[in-house]
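Presented below is the structure to which this report refers.
Every number here is computed from the coordinates shown, using simple stated rules; none is lab data. As the structure is a prediction and not an experimental result, all values here were calculated from the model. Virtual Cβ from ideal backbone geometry, glycine too; neighbours counted across all protein chains shown.
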Amino acid sequence: MANGKQQLKTTPPPPPSFSGQSVQSRTIWQSYAALPARTRLYFSLAITGVALAGIYISDVLEEKLPADIPASTQPPSSSK
């Protein structure tokens, strides 16, 4: 301990404990929070990957198959 200062050792808070509840009585959030941190990370990355793939696929499909615009909603063309 240099210069008479004490170093404080901090430990992370314990994960939420839902061991007192049966699995059937847990909410979705409690079940998610009870998963290990690495599993939650992988689960979140998988959901993000599916969402990004959906956005990309919808953009590609929109370019290949444009929506038909009815004649009544098309803006008037100005011919000069």
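Taking the Cβ of residue 34 as the center, what net charge do the other residues with Cβ under 10 Å away carry, scoring Lys and Arg +1 and Asp and Glu -1?
Residues close to residue 34 contribute a combined charge of +2.
On full extension of the chain, what length is gained from residue 69 through residue 8, given 0.36 nm per residue of separation minus the C-alpha to C-alpha distance?
Residue separation times 0.36 nm, minus the Cα-Cα distance, leaves 15.2 nm.
How far apart, in nm, are the 7 Å Cα→Cβ label points at residue 35 and residue 57?
Modelled inter-label distance: 2.1 nm.
Under a Cβ-Cβ cut-off of 13 Å, what is the net charge of the residues other than residue 57 that fall near it, where Lys and Arg count +1 and Asp and Glu count -1?
Result for the local shell: -2.
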